[in-house]
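Here is the structure we will look at.
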Amino acid sequence: MSTDLRSNFLRTQIQSDLDSGTVTNVVTRFPPEPNGFLHIGHAKSITVNFGLAEQFGGVCNLRFDDTNPEKESQIFIDAIRQDVQWLGYQWHGDVRYASSYFQQFYDWAHHLIEEGLAYVCDLSADQARETRGSLTAPGTNSPFRDRSIEENRTLFTAMRDGEFEDGSRVLRAKIDMASPNINMRDPILYRIRALPHHQTGDDWPIYPTYDFAHGQEDAIEGVSHSICTLEFEDHRPLYDWFIEHLPVPSKPRQFEFARLNLNYTVTSKRKLKGLVDDGSVAGWDDPRMPTIAGLRRRGYPAAAIRHFCEEVGTSRSDGVVDVAMLESAVRNELNQKAPRAMAVIDPLKVVIDNFEGSETLELANHPSEASMGTRSVNFSKEIWIEREDFREEANKKFKRLVLGKRVRLRGAYVIEAERCEKDDAGEVIAVHACLVPQQLGEDPDDGVKPKGVIHWVATDTAVVAEIREYDRLFADADPAKADDFASVLNPNSLVVKQAYAEASLVAADNESSFQFERLGYFVADRVDHTSEHLVFNKIIGLRDSWGSHG
């Protein structure tokens, strides 16, 4: 996969580690929790982890950190696997799961107990919170901190055997309740949860915490560079403490980079789930969602997302990226790769009075890519044009069809509007025009050139298509700050219309993208589109319609 690999601190670090012999093989991992669909921020993490492994001839593992069965699902696992592959990456070996290592974690927890570095604590969650201290005040020791090794061993074994109620006890590391880093104040290693697990069933009534499992997973898999986002920086001392105090088979190191934050976008899984649950969107793959599945269904190309993530860069400084940068990457990719087609969304009939019968025209699928071939388009006496492309009178800036003026039909002939029909309300319902004498593709014989070009579709062969015009889900640049999401939702984020499209689009495969001439880029919906019921999602306009607001 070709990518513009600009220098960044992670690439510099890895190269230094290879040059010094600190590592000999690069192993990274992408470790999502299967408690929701991946979003654009995860796309950044995917490109970083898989991209670094690819650059340095290493491998990247896909591992599910499935330590919380309460919120996890096989549905999310399947979706995440699809997302990674759709973005163009392939993990090393089999998919890995934290749950595959549950027995090893349990054994290592016993190791900490035997070393006097872990204890069973009976404090309730509220009581533990009260003893934890604050950023300015140290915590206080649990009254159960000095239990004997034998008692802790017995109690932890009983926890494993399901002898206690949910939440009644936890296993904590014995580190330092006065540490300035709150994560080091005797963190929880295990909690009791009598819940079935999507991988292990009812085998375990206790589950390790993410902090306890994560570093050990890396060590088991021989990960050389454990790359996280900046919110895990304060967790790194704990990550290193476990690696130091456990007999792990390797010594991975954690590095952090700034997460991807986009304006007009929310990437909190909890908030995205709320949008799904309250019906604000039609599921995790709704084309307005910032999930990878949603972006895919919207028609954003995987290559454009990868390019965008690379262009954003990888640094240690948090910031907000303008979503217009992502939209520009999408627009640039589609301009090069999307074949052209014609559709009319707000139709106005034009009758060409001096033309009879029909004619088959061959139109290029792309104006600058001859390799994309041509398609057959029917031209007939009656055609549809966009209503906004006609005016009875207009100034010279209007380069479309005007009574007494000429316009070229895309890929076809020049016509001149002569008169129009109106209904009782005075609205134009048809335009009568004449075809100006000419050779196809040439200027009129009398030398009077048309002032513009418009698209069209022949009425006798046009097919009906459902058009879903999508726009940004939020009208506010910082929707996450809103107390009420409903107040910042864009009321025009989805508008459904009917269009007349050229007949060639009946053969469009699901997820195939097109530039509908002069209207924007559209994709055949991956779920609802069929040859009997055409459904096209608007991916993006030909230019940024948000301007300075976007």
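The values are calculated or read from the model by the stated rules, or taken from the named source; none is laboratory data. Note that the structure is a prediction, hence the values are computed from the model and not measured. All Cβ positions, glycine included, derive from the backbone under ideal geometry; neighbour counts span all protein chains shown.
Taking only segment 401-424 into account, find how many residues are in a loop (DSSP other than H, G, I, E, B), touching a strand residue (DSSP E or B) at 6+ places or on another chain (Cβ under 6 Å) and more than 15 Å from Met342 (Cβ to Cβ).
Qualifying residue count, segment 401-424: 1.
In segment 283-329, what residues are within 26 Å of Phe255 (Cα to Cα), among the hydroxyl-bearing types (Ser, Thr, Tyr) and within 10 Å of the chain's Cα centre (by Cα)?
The answer is Thr291, and nothing else.
Name the residues in segment 325-369 that are among the aliphatic types (A, V, I, L, M) and either at pLDDT below 95 or part of a strand (DSSP E or B) (or both), would you?
Ala341, Ala343, Val344, Leu348, Val350, Val351, Ile352, Leu361, Leu363, Ala364
I'm trying to understand the selection: among the residues of segment 33-60, which are in contact with an Asp or Glu (Cβ under 9 Å, 6 or more places away or on another chain) and buried (at least 23 other Cβ atoms within 10 Å of the Cβ)?
Pro34, Phe37, Leu38, His42, Ala43, Ile46, Thr47, Cys60
Name the single residue, out of those in segment 418-452 being among the aliphatic types (A, V, I, L, M) and touching a residue at least 40 places away in the same chain (Cβ under 8 Å), that is surrounded by the most Cβ atoms within 10 Å (Cβ to Cβ). So that I can check it myself, show each step before the final result.
From segment 418-452, those among the aliphatic types (A, V, I, L, M) are 425, 428-431, 433, 435-436, 440, 448; that's our starting set.
Pick out the ones that are also touching a residue at least 40 places away in the same chain (Cβ under 8 Å) and you get 428-431, 433, 435, 440, 448.
Working: Val428: 15, Ile429: 11, Ala430: 15, Val431: 23, Ala433: 27, Leu435: 18, Leu440: 11, Val448: 13.
Out of the qualifying residues, it is Ala433.
Considering only residues of segment 233-254 that are touching a strand residue (DSSP E or B) at 6+ places or on another chain (Cβ under 6 Å), not acidic (Asp, Glu) and not in a strand (DSSP E or B), which is farthest from Ala98 (Cα to Cα)?
Arg236
What residue, among those in segment 453-471 that are assigned to a loop (DSSP other than H, G, I, E, B) and at pLDDT 95 or above, is surrounded by the most Cβ atoms within 10 Å (Cβ to Cβ)?
Among those residues, the one meeting the criterion is Trp456.
Of everything in segment 302-319 that's of a type outside the set (S, T, N, Q) and in contact with a strand residue (DSSP E or B) (Cβ under 7 Å, 6 or more places away or on another chain), which residue is farthest from Ala524 (Cα to Cα)? Even if it seems obvious, please write down each step before you answer.
First, pick out the residues of segment 302-319 that are of a type outside the set (S, T, N, Q): 302-313, 316, 318-319.
Imposing the further condition that a residue be in contact with a strand residue (DSSP E or B) (Cβ under 7 Å, 6 or more places away or on another chain) reduces the set to 312, 316.
On the way: Val312: 29, Arg316: 39 Å.
The residue in question is Arg316.
Restricting attention to segment 97-144, report how many residues are among the hydrophobic types (A, V, I, L, M, F, W, C) and surrounded by fewer than 12 Cβ atoms within 10 Å (Cβ to Cβ).
Total satisfying the criteria: 3.
Answer yes or no as to whether Ile175 is of a type outside the set (D, E, K, R), within 30 Å of Ser100 (Cα to Cα) and in contact (Cβ under 8 Å) with a residue 40 or more places away in the chain.
yes
If we scan segment 487-501, do we find a residue that is assigned by TED's automatic domain parsing to the domain that holds Ala329, out of contact with any Pro (no Cβ under 9 Å at 6 or more places or on another chain), farther than 25 Å from Val320 by Cα and surrounded by 19 or more Cβ atoms within 10 Å (Cβ to Cβ)?
Yes: segment 487-501 contains one or more residues that are assigned by TED's automatic domain parsing to the domain that holds Ala329, out of contact with any Pro (no Cβ under 9 Å at 6 or more places or on another chain), farther than 25 Å from Val320 by Cα and surrounded by 19 or more Cβ atoms within 10 Å (Cβ to Cβ).
What are the residues in segment 352-378 that are surrounded by fewer than 17 Cβ atoms within 10 Å (Cβ to Cβ), out of contact with any Cys (no Cβ under 7 Å at 6 or more places or on another chain) and in contact (Cβ under 8 Å) with a residue 40 or more places away in the chain, if any?
Filtering segment 352-378 down to residues surrounded by fewer than 17 Cβ atoms within 10 Å (Cβ to Cβ) leaves 353-354, 356-360, 362, 364, 367-374, 376.
With the extra rule that they be out of contact with any Cys (no Cβ under 7 Å at 6 or more places or on another chain), the set shrinks to 356-360, 362, 364, 367-374, 376.
Across segment 352-378, the qualifying residues are Ser358, Ala364, Ser376.
For a quick check of your reading of the model, give me the residue pairs whose first member lies in segment 485-498 and is at negative phi, whose second is acidic (Asp, Glu), with beta-carbon atoms closer than 7 Å and at least 6 apart or on different chains.
Val488/Asp476; Asn490/Asp471; Asn492/Asp471; Ser493/Asp471; Val495/Glu469; Val496/Glu466; Lys497/Glu469; Gln498/Glu466
Based on what the data block shows, is Val428 touching a Cys at 6+ places or on another chain (Cβ under 9 Å) and at pLDDT 95 or above?
Here the answer is yes, as Val428 does meet what is asked.
List the residue pairs whose Cβ atoms are under 7 Å apart, where the first residue sits in segment 179-193 and is farther than 16 Å from Phe156 by Cα, the second is of a type in the set (A, V, I, L, M, F, W, C) and assigned to a helix (DSSP H, G or I), and the two are 6 or more positions apart or on different chains.
Asn183/Leu238; Met184/Leu238
Looking at segment 199-222, can you tell me whether even one residue there is in contact with a Ser or Thr (Cβ under 8 Å, 6 or more places away or on another chain), part of a helix (DSSP H, G or I), within 18 Å of Ala125 (Cα to Cα) and at pLDDT 95 or above?
Yes, that holds for at least one residue.
Of all residues in segment 136-157 being of a type outside the set (D, E, K, R) and in contact with a helix residue (DSSP H, G or I) (Cβ under 7 Å, 6 or more places away or on another chain), which is nearest to Phe212 (Cα to Cα)?
Ranking the qualifying residues of segment 136-157, first place goes to Phe156.
From (1) farther than 26 Å from Ala394 by Cβ; (2) crowded, with 18+ Cβ neighbours inside 10 Å, pick out the condition that doesn't hold for Ala480.
(2)
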